[in-house]
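First the structure, in the form of structure tokens, and then the observations on it.
The values are calculated or read from the model by the stated rules, or taken from the named source; none is laboratory data. What you are looking at is a predicted structure, and each value in this text was computed from that prediction instead of being measured. In this analysis, Cβ positions are derived from the backbone assuming ideal geometry, glycine residues included, and neighbour counts consider all displayed protein chains.
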Amino acid sequence: TGHDILFFWVVRMMMMGYEFMDDRPFDDVYLTSLVRDIKGRKLSKSLGNSPDPLEVMDTYGADALRYAMMLIAPHGQDLLYSNEQVEVGRNFANKMWNAGRLVLMHQKPPESGLPTSENLWDRWILSRLDRTVEQATRSLEQYAFHETALLLYDFFWHDYCDWYLEAIKQRLYDETDVASADHARRTALLVLEQTLRLFHPFMPFITEEIWQHLRPYLDDRDAEPVGIVVAPWPESRPDRVQADAEGDILTIQELVGAIRGVRADFRVHPTQEMAVHCRVEAPRMIKVLSGQAQAIQSLARCTLAFVDGDEARPAGSASGVLRDMEFYIPLIGLIDLEIETDRLSRERSRVEQELEKVRKRLSNGQFVQKAPADVVEKEKDKQNNYEDMIGRLNRNLEMICAG
């Protein structure tokens, strides 16, 4: 119920329950957010600011509306609704459908006796799945619907789609290693099927549709329920949790993210392959990165090589430090260093001018005292962002001008 009728409805029901039934009518009361328009007004027919949900569902989809409402409604806070906010739900539904298509196109009739996969990515995604099941179950038991929706969004979009499915694509298409391809497609199917069950309370229609397409490929399809709506909630399996796999993949993700950052900072064309040279101290990490070189090269579009500790970094190279690892990427041949130096210098000058404007505003006592708090906070955020940008631009200029 809404907090605005807590006394008028909930308290009176409680009193009448004790008065006439000598018992309380319910044990828990969940206070929902009040849905307001973008101006903060409560939705009302008299104001004409209440959207027709049927029209919204026709435009974006019923699942998109349900899921978007969960995502934009933090517990205890009213939400400012506009139809455009439902787009995040529609985009997510499209992502789920496309992921289902990718997994289904690689499936084969179920086969028994497939051994447990020892692949690092397979072990990692199963570990992340188990943690997600445990956290989602606990959140729902606490009526934390918004937090559960965010948790599932992050796992499915980032862990499963952005990282796992992208990392296993080469294995799925590799006809020379059938066992690895089988492990990849079966693990992808298992994780997708379990994730659909987690999403079903939020997005019942698309999850049921995809699940029915998956059902013929499940290992024990005859014992499976006829629909996901009556399928049991996934259970946590602590034996799947592998902290070492999660730590190794986190290191790989940080390396890939840093390489992508270099490509973006120096505007290296996406089709150009970069040569990444890594200096790693720990022998175990060298073994992990070597074993995942193909995945790293695919995710970051690069070649990976390991160098000795005393090898000097070539001039005109971008570099970075991650935990116990250092890497550098020669930029000669990828970009015109002179043009890039000029571009970075001009960008630094522009950001410095913007930073000076913000500092003047914040140093004005009347502005800070009279301006709304949110406006002042935005200016402070601008200042922090500009300072970070200048620091990054200075580092990039130092890297390509060194040597």
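Structure values in brief
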read-out	value
Qualifying residue in the range 181-189 (condition: in the same structural domain as His106 (by TED's automatic domain parsing), without any contact (Cβ under 8 Å) to a residue 40 or more places away in the chain and among the basic types (Lys, Arg))	no
Options Ile400, Ile339: the member that is touching a Leu at 6+ places or on another chain (Cβ under 9 Å) and within 30 Å of Pro314 (Cβ to Cβ)	Ile400
From Gly309, Gly316, residue being out of contact with any Phe, Trp or Tyr (no Cβ under 9 Å at 6 or more places or on another chain), small (Gly, Ala, Ser) and in contact (Cβ under 8 Å) with a residue 40 or more places away in the chain	Gly316
Long-range neighbours under 6 Å by Cβ, at least six apart or interchain, first residue at pLDDT 90 or above within the range 281-297, second of a type in the set (Gly, Ala, Ser)	Ala295/Ala167
Residue under evaluation Gly48, criteria (1) assigned by TED's automatic domain parsing to the domain that holds His146; (2) without any contact (Cβ under 8 Å) to a residue 60 or more places away in the chain, criterion not met	(1)
Residue within the range 237-256 that is under 23 Å from Pro201 (Cβ atoms) and not in a helix (DSSP H, G or I) present	yes
Members of the range 59-70 found to be crowded, with 18+ Cβ neighbours inside 10 Å and either part of a loop (DSSP other than H, G, I, E, B) or of a type in the set (Val, Ile, Thr) (or both), listed by number	Gly61
Sole residue being β-branched (Val, Ile, Thr), part of a helix (DSSP H, G or I), buried (at least 19 other Cβ atoms within 10 Å of the Cβ) and more than 20 Å from the chain's Cα centre (by Cα), chosen from Ile168, Ile210, Ile125	Ile210
Scope the range 2-58; condition of a type in the set (S, T, N, Q) and not in a loop (DSSP other than H, G, I, E, B); matching residues	Thr32
Whichever residue in the range 174-207 is among the polar types (S, T, N, Q) and part of a helix (DSSP H, G or I) and, among such residues, is nearest to Val103 (Cα to Cα)	Thr187
Residue match in the range 349-360 (condition: surrounded by 13 or more Cβ atoms within 10 Å (Cβ to Cβ) and touching a Leu at 6+ places or on another chain (Cβ under 8 Å))	yes
Test: residue in the range 83-90 that is in the same structural domain as Leu190 (by TED's automatic domain parsing), under 30 Å from Leu289 (Cα atoms) and surrounded by 13 or more Cβ atoms within 10 Å (Cβ to Cβ)	no
Matching option when the condition is aromatic (Phe, Trp, Tyr) and either under 30 Å from Leu198 (Cβ atoms) or at pLDDT below 90 (or both), among Phe20, Phe7	Phe7
In the range 221-246, the residues that are within 30 Å of Leu120 (Cβ to Cβ), loosely packed, with under 12 Cβ neighbours inside 10 Å and either of a type outside the set (D, E, K, R) or without any contact (Cβ under 8 Å) to a residue 60 or more places away in the chain (or both)	Pro232, Pro238, Asp239, Ala243
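Condition check ((1) in contact with a helix residue (DSSP H, G or I) (Cβ under 7 Å, 6 or more places away or on another chain); (2) among the β-branched types (Val, Ile, Thr)) across all residues:
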{"site": "Thr116", "(1), (2)": "no, yes"}
{"site": "Asn119", "(1), (2)": "yes, no"}
{"site": "Arg123", "(1), (2)": "yes, no"}
{"site": "Glu134", "(1), (2)": "no, no"}
{"site": "Tyr143", "(1), (2)": "no, no"}
{"site": "Thr148", "(1), (2)": "yes, yes"}
{"site": "Asp154", "(1), (2)": "no, no"}
{"site": "Tyr164", "(1), (2)": "yes, no"}
{"site": "Leu172", "(1), (2)": "yes, no"}
